[in-house]
Amino acid sequence: MDWPQTLTLLGGLAAILFSLFHQFDKRFEQVDKRFEQVDKRFEQVDKRFEQVDKRIDDLRAEMINRFEQVDKRIDDLRADTTTRLDRIERLLERLLKPELSR
């Protein structure tokens, strides 16, 4: 094989390699863009999870507050009931004392 044919073959091989590398470069750019899209989506998902976590924390705090209010209301009703029962007991004792002393 003489030099002109070798140079022609090398030139053709170089053109093919350049074309392949160019295609690889384009494909890598597409892959990079896709990774950027995926990263953005993950960021959106992370933000949504943060919102959901905050909402859960808010609901938990609200639930705790409501239970505290219910507990306070139960304690108030218990104290009121105890006071009423004590008053009824004293009234019954007063009513029954004269009968016992007769």
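The values are calculated or read from the model by the stated rules, or taken from the named source; none is laboratory data. Note that the coordinates shown come from a computational prediction; the quantities given were computed from them, not determined experimentally. Virtual Cβ from ideal backbone geometry, glycine too; neighbours counted across all protein chains shown. All accessible areas refer to the heavy atoms of the entire protein, side chains included, with ligands and DNA or RNA removed. Shrake-Rupley method; radii C 1.70, N 1.55, O 1.52, S 1.80 Å.
Odds and ends about this structure:
- Some residue of region 1-19 being open to solvent by 90 Å² or more (accessible area, probe 1.4 Å) and not in a helix (DSSP H, G or I): yes
- Being in a helix (DSSP H, G or I), open to solvent by 100 Å² or more (accessible area, probe 1.4 Å) and free of Cβ contacts under 8 Å to residues at least 40 places away in the same chain is a description that applies to Lys47.
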